[in-house]
Amino acid sequence: MLNDTPHRRWNPLTESWVLVSPHRSKRPWQGQVEAVAPDQRPAHDPNCYLCSGNVRANGEKTPDYKDVFVFTNDFAAILPEKSKEKQISTALFYAKAERGICKVICFSPRHDLTIPQMDTAAIRKVVDAWCAEYEELGAKPFINYVQIFENKGAVMGCSNPHPHGQIWAQEHVPDEPAKKQIGQLKYFKKHGTTLLSDYLAEELKQKERIVLEQEHFVALVPFWAIWPFETMIIPRRAMACITQMTEEERTGLAQMYQSLTQCYDNLFDVSFPYSAGIHQAPTDGKPHEEWHFHKVFYPPLLRSASVKKFMVGYEMLANPQRDITPEKAAEILRLAIHSK
Ligand code: H2U
């Protein structure tokens, strides 16, 4: 393994490179390390629009919900109505109207909880809601892709600490899943198996990037990870989308989501911020046997509760780059599993 040598790693899913500079993680750190104030929140906040009984921006009252609550985003980035405006289509100026539906999903009525603090049965209800939304939104003729995601922590631009995620469903497959579509299709046509089945089998042999394993899912730091502690939850069985999961697999995903986020919280003794989301098959009516759904976690923290990685300079102008190797990051995460 290239443990001391600067090298480039290939991501076959997105067909892109990451520059790895392992020798640089030995350099001294003289930056500031700030203490993070413990987060103390009430179980119900009268000023939170996601807590029951409170009024949202559009004047609607959030109901007295018991577990998961899904509503249409009052500030939706894409709208279902057809545009009447003229489209722009020349070689150099090309713009097309995009239709879609944006939803907010409250994971719990409890304002003071986060996923790692919720029990498996409660997280399973979140998984069920994702499946129901993927099915319902994906069945609409003008919806061809459903992006389920979550921003956790103010550092990730999350506007409210109440545990919640988002779903944006739209006409076109956006860039990230579109790149993965190409990578997976090329692999499937050549080998007749999904890229992630073969990748996972090899990772399970090599063991060095595995973080957590159970009957239905594996969590690992991908070989091509960009963020310091980036991880991926991969189902052992090749499934194009989350609605193909059995009951047991849905519970398995809930358990893995809980264990991985607990491990993250232990790492720097802080409610770990990240952006996470599920990449899965487009909802264009095709079978998409090449797709192997997976959940990715992109956390910004680098070496403490406050020191984060910046995607600036070389990353903005050239290529993603990392110092700590994915193998080292996986080792550190494994140590964090039982550290509390
Ligand atoms: P984030 O914190 O991940 O940004 O998600 C919160 C979403 O909630 C955000 O997209 C929506 C915002 O548009 N929202 C409502 O739909 N209604 C409100 O009353 C406030 C915020």
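No lab work stands behind these numbers, since they all come straight from the coordinates. Nothing here was measured: the structure is a model prediction, and the numbers come from that model. For neighbour counting, all protein chains shown are included, and Cβ atoms are generated from backbone atoms with ideal geometry for every residue, glycine included.
If you filter the stretch 80-146 for GluC sites (Glu not before Pro), then keep DSSP loop positions with at most 16 other Cβ within 10 Å, what is left?
Passing sites in the stretch 80-146 are Glu81, Glu85, Glu98.
Calculate the all-directions average of the projected area of the stretch 1-150's alpha-carbon convex hull, and give it in nm².
16.6
Select from Gln206, Gln170, Gln258 the residue whose mean-square fluctuation is largest in a Gaussian network model of the chain (Cα-Cα springs shorter than 10 Å).
Of Gln206, Gln170, Gln258, the Gaussian network model singles out Gln206 as fluctuating most.
Please list, by residue number, every one of the chymotrypsin sites (Phe, Trp or Tyr not before Pro) in the stretch 142-223 that is coil in DSSP and has at most 13 other beta-carbon atoms within 10 Å.
Those that pass, being in a loop and sparsely packed, are Phe142.
Å³ per residue of the Cα convex hull, for the stretch 268-340?
Convex hull volume per residue, Cα atoms: 160 Å³.
Compute the separation of the alpha-carbon centres of the stretch 94-119 and the stretch 305-330 and state it in Å as a whole number.
Here the answer is 27 Å between Cα centres.
Determine the distance separating the Cα centre of the stretch 188-232 from the Cα centre of the stretch 135-156; give it in Å without decimals.
Value for the Cα centre distance between the two parts: 23 Å.
Tell me, for the chain, which Cys residues have no other cysteine's C-beta sitting closer than 4.7 Å.
Lacking a cysteine Cβ partner under 4.7 Å: Cys102, Cys106, Cys131, Cys158, Cys241, Cys263.
Take the alpha carbon atoms of the stretch 199-340, find their radius of gyration, then divide it by 2.2 N^0.38 Å using N residues; give the quotient.
For the stretch 199-340, the normalised Cα radius of gyration is 1.08.
Normalised by the empirical 2.2 N^0.38 Å for globular proteins, what value does the Cα Rg of the chain take?
1.02
Suppose only helical runs count, i.e. DSSP H with n ≥ 4. What mean residue ellipticity at 222 nm does that imply for the chain under -39500 (n - 2.57) per run, divided by all residues and rounded to the nearest 500 deg cm²/dmol?
The helix-only estimate for the chain comes to -8000 deg cm²/dmol at 222 nm.
When only alpha-carbon atoms are used, what values of Rg and Dmax, in angstrom, describe the stretch 99-243?
Here Rg and the maximum Cα pair distance are 16.8, 49 Å.
Going Cα to Cα from Lys96, which lysines come in below 26 Å? Please leave out same-chain ones fewer than 8 positions away.
Lys82, Lys84, Lys86, Lys140, Lys179, Lys180, Lys286
Where in the stretch 67-96 are there chymotrypsin sites (Phe, Trp or Tyr not before Pro) that are in a DSSP coil and have at most 10 other Cβ atoms within 10 angstrom of their Cβ?
The qualifying sites are Phe75, Phe93.
Can you flag which of Lys103/Lys152; Lys205/Lys328; Lys61/Lys103; Lys103/Lys125 are past 20 Å Cα-Cα?
Result: no pair exceeds 20 Å.
For the chain, set up a Gaussian network in which alpha carbons nearer than 10 Å are linked by springs, and say which option among Ala154, Ala91, Ala178 fluctuates the most.
With Cα springs under 10 Å in the chain, the top fluctuation among Ala154, Ala91, Ala178 is at Ala91.
Give me Ile226, Ile182 sorted ascending by neighbouring Cβ count inside 10 Å, so fewest comes first.
So the ranking, lowest neighbour count to highest, is Ile182, Ile226.
In a Gaussian network model over the chain where Cα atoms closer than 10 Å are linked, find which of Gly53, Gly100, Gly153 has the largest mean-square fluctuation.
Among Gly53, Gly100, Gly153, the largest mean-square fluctuation in the Gaussian network model of the chain belongs to Gly53.
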